[in-house]
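The structure appears below as structure tokens.
The values are calculated or read from the model by the stated rules, or taken from the named source; none is laboratory data. What you see is a predicted model, and the numbers here were worked out from it, not measured in a lab. Every residue, glycine as well, gets a Cβ built from its backbone with ideal geometry; the counts of neighbours run over all protein chains shown. Keep in mind that these areas ignore ligands, DNA and RNA; they rest on the heavy atoms of the full protein, side chains included. Shrake-Rupley method; radii C 1.70, N 1.55, O 1.52, S 1.80 Å.
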Amino acid sequence: MAVIVALGAFLMTLAGGWTAQRVTDRRHLVLGLAGGLMLGVVGLDLLPEALDAAGTPVFGVPAALLLFVGGFLTAHVVERLLAVRQAAHGAENGARVPQVGLTAAAAMVGHSLADGVALGAAFQVGGGMGAAVALAVVTHDFADGFNTYTLTRLYGNARRKALAMLFADAVAPVVGAASTLLFTLPEEPLGAYLGFFGGALLYLASAEILPEAHHRHPALSTLLCTVGGVAGIWLVVGVAE
């Protein structure tokens, strides 16, 4: 059953990516919506899950929050190092580094893989728990597909690479769900991963996606797309609960 539901997540992820590439004439709206979706996923979905799962506090601070900050800083440091390396090879100052987009998309694939594992584990617990997690996974995988394609293209990667990352993101929950037929991922490592990934994703949303969305089109419609993205994730989380 978990694998069958994951196939629904596969289709929703592709639908999200298809939507992102079809509205390129409204790029500022796409980026505004992507920023809102990413902020909503981090603040309303990933971080609460990480806090529930990621073990005991470290020197008075929950481990999930330490990893969250670590993920944010890691994304910042990696991007700066790649930018410096690119500048040393003659690239224009401020030019986007394609590797950052690919790394971010790969992290989205890892997140979708974790979604599939969580889905399989939930069905191991019981049908009711499985149904609740299935609703959350399938509905927010649309946002995952949308963000995976948008992130890859934002950093200057070719459409072919963006589609490849989108397909990998779509397949990931199916692989994750199928893997639970063989083993169950311990809760603490999963929580640690979610915290770290949430920090990295928040950096990309706040430092890259949203500034780019408002750089050339500081319109009210862009802002409304961002708020709408957050509200949409809130709705998904609320319905799933």
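Numerical summary
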quantity	calculated
Neighbourhood net charge (14 Å Cβ-Cβ; Lys/Arg +1, Asp/Glu -1) for LEU113	-4
Length gained when the stretch ALA219-LYS161 is fully extended (0.36 nm per residue, less Cα-Cα span)	17.9 nm
Pair VAL69, LEU51: separation of 7 Å Cα→Cβ label points (nm)	1.6 nm
Å² of accessible area per residue within the range 1-74, as computed with a 1.4 Å probe and no ligands counted	50 Å²
Interatomic Cα distance distribution for the range 191-233, bins of 10 angstrom, percent	26, 44, 24, 6
